[in-house]
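The structure under discussion appears below in the form of structure tokens.
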Amino acid sequence: MNKLLTTAVLALGIFGSVYAQDAKRLLPAEQEVSLKYGADRLGKRQDADMKKFRDNRLGAFIHWGLYAIPGGEWNGKMYNGAAEWLKAWAKVPADEWLTLMDRWNPKKFDAKAWAKMAKKMGVKYVKITTKHHEGFCLWPSKYTQYTVAQTPYKKDILGELVKAYNDEGIDVHFYFSVMDWSHPDYRYDIKSPEDEVAFARFLEFTDNQLKELATRYPTVKDFWFDGTWDASIKKNGWWTAHVEQMLKEMLPGVTINSRLRADDNGKRHFDSNGHLMGDYESGYERRLPDPVKDLKVTRWDWEACMTVPENQWGYHKDWSLSYVKTPLEVLERIVHAVSMGGNMVVNFGPQPDGDFRPEEKELADAIGKWMKENGACIYGCDYAGWDKQAWGYYTRKEKDVYMIVFNQPYSGHLMVKTPKGIKITKAVLLNGKEVGVEETARNEYNVDMPAKNPGAPFVIKLQVEEEKSTTDKYREALT
Ligand code: H79
């Protein structure tokens, strides 16, 4: 049997029946290729841990590492590229870069204060950089000398943070960069038998670090992998599948982002058959799907992450070099993501002294204030399935549909078009006050603005009912 035929027969025999049930498949079942390291599930995970991940909806990212110390400046020159990439922009050799460890002593670091700030902001989870590309570890890893333990500060920062966030009821997710500029065995590509041997050692080192993290911090809920785009990883798709399996065996229920994964053919995020690998899609970095054109994302779980300046994750001294978003813009991106069934993670880059810059404190406060009043339209909410209108976004939780109004039309009426078979029965503000709603045509309504202009994005909750079909009405009349 030739190879193609074997593949087709295998695909049909082993997977055909499963794939045949998948209404969303991109290829007819008989054309799917058989993969050893492709998606191991079709559709969204429906277990309690995934539901918690999804219902959390709003998270914070923390990018903290040695790069916070130079803050974008090297030898008197300011680089406006991402601060956590400064080593690359300024072409600093690894051994020189890692001497920054001698200056790692964040005197103002207070894990409890960080956790209080996150709680006040209304985030339900925090993603922490355990190790970024530079290789410096925020935990005392026994597999490398480049860790907090070897700095003047000495203490286990990651451990302090995990405890403090968990004590506030906030889930902790681990960011982990596979690419590691501090490790001599890291390879961008595999071009010789020597590369192969070195990279095999590197993968073993990475496995050890991941097992160490899972063992030391068993309350971690998620691993978010980064730095997985190089040819060396793409040629080792098996290893990405192995890591996912290993972590899931060690920590039942843990969630893993799609960015970790490559399949047998080096295809990333989505396998060669178009199926999502990992538990949620993680490609929306500093961008969001188009709310009208890209509704396909509502078919899988996804999480976006964003910076507050254009592209600074780690602390950069000079934000005047960048377009910095206002709290209002950040808020709109949070709502935008949830309205399309996604999560949003807002990034913070703490200062080298362990405090947050004033702009980030103000942002956290502003978002927290809004979330406290309006969180009902975010937490536990999902894509509503209603046509987007120019005034803003919809989200939905069971029978409640939320209108989140960012733009106030001149007419003073908010037009709502309901999907076929859905009727609006009532419209209320989140303080319980009713607002007028008038049916203007079949499946079209005008919803009134609140009497007093809120002057900020506000929320109207719509109660909806399935319209009874003519047959239903006839049946009811007979009984
Ligand atoms: O941690 C933050 C960033 O530092 C990291 N991900 C977020 C969460 C990130 N680094 N790079 N990128 C995201 C984008 C990737 C750019 C790349 Fe390239 C394009 C990598 C390889 C090709 C730019 C060009 C960097 C190296 C060559």
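If you scan region 409-425, which residues turn out to be over 34 Å from the mean Cα position of the chain (by Cα) and closer than 22 Å to Lys473 by Cα?
Taking region 409-425 and keeping what is over 34 Å from the mean Cα position of the chain (by Cα), we get 410-413, 425.
The answer is Thr425, and nothing else.
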Open item on the list: Whether any residue in region 237-254 is β-branched (Val, Ile, Thr), assigned by TED's automatic domain parsing to the domain that holds Trp302, within 13 Å of Ala39 (Cα to Cα) and more than 16 Å from the ligand (Cβ to nearest atom) is what I want to check.
Closed with: yes
Task: Residues of region 211-229 classified as open to solvent by 20 Å² or more (accessible area, probe 1.4 Å) and within 16 Å of the ligand (Cβ to nearest atom), total - done: 1
- [ ] Filter region 138-165 for residues that are among the β-branched types (Val, Ile, Thr) and touching a residue at least 12 places away in the same chain (Cβ under 8 Å) and give the result.
- [x] Thr144, Val148, Thr151, Ile157, Val162
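Please note which strands (runs of 3 or more DSSP E) are completely contained in region 433-479 and include at least 2 residues that are among the β-branched types (Val, Ile, Thr) and open to solvent by less than 30 Å² (accessible area, probe 1.4 Å). Break it down stepwise before answering.
Details: elements: 437-441, 444-448, 458-466.
In region 433-479, the matching strands (runs of 3 or more DSSP E) lie at 458-466.
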TODO: Taking Cys381 as the residue in question, decide whether it is open to solvent by less than 20 Å² (accessible area, probe 1.4 Å), in contact with a Lys or Arg (Cβ under 6 Å, 6 or more places away or on another chain) and modelled with pLDDT of 95 or more.
DONE: yes
Task: Close pairs from region 77-94: first assigned by TED's automatic domain parsing to the domain that holds Trp313 and touching a residue at least 12 places away in the same chain (Cβ under 8 Å), partner open to solvent by 60 Å² or more (accessible area, probe 1.4 Å) and near the ligand (Cβ under 9 Å from one of its atoms), Cβ under 8 Å, at least 6 apart - done: none
Task: Checking Val172 against (1) of a type outside the set (Lys, Arg); (2) in contact (Cβ under 8 Å) with a residue 60 or more places away in the chain; (3) outside any helix (DSSP H, G or I); (4) open to solvent by less than 10 Å² (accessible area, probe 1.4 Å), the condition it does not meet - done: (2)
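Taking helices (runs of 4 or more DSSP H) that do not extend beyond region 34-145, which have at least 1 residues that are more than 13 Å from the ligand (Cβ to nearest atom) and open to solvent by 50 Å² or more (accessible area, probe 1.4 Å)?
48-56, 94-97, 111-121
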Open item on the list: Please go through region 276-325 and give me each residue that is within 16 Å of the ligand (Cβ to nearest atom) and small (Gly, Ala, Ser), ordered by number.
Closed with: Gly278, Ser282, Gly283, Ala304, Gly314, Ser322
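The values are calculated or read from the model by the stated rules, or taken from the named source; none is laboratory data. What you see is a predicted model, and the numbers here were worked out from it, not measured in a lab. All Cβ positions, glycine included, derive from the backbone under ideal geometry; neighbour counts span all protein chains shown. Protein only, heavy atoms only, side chains kept; ligands, DNA and RNA dropped before computing areas. Shrake-Rupley method; radii C 1.70, N 1.55, O 1.52, S 1.80 Å.
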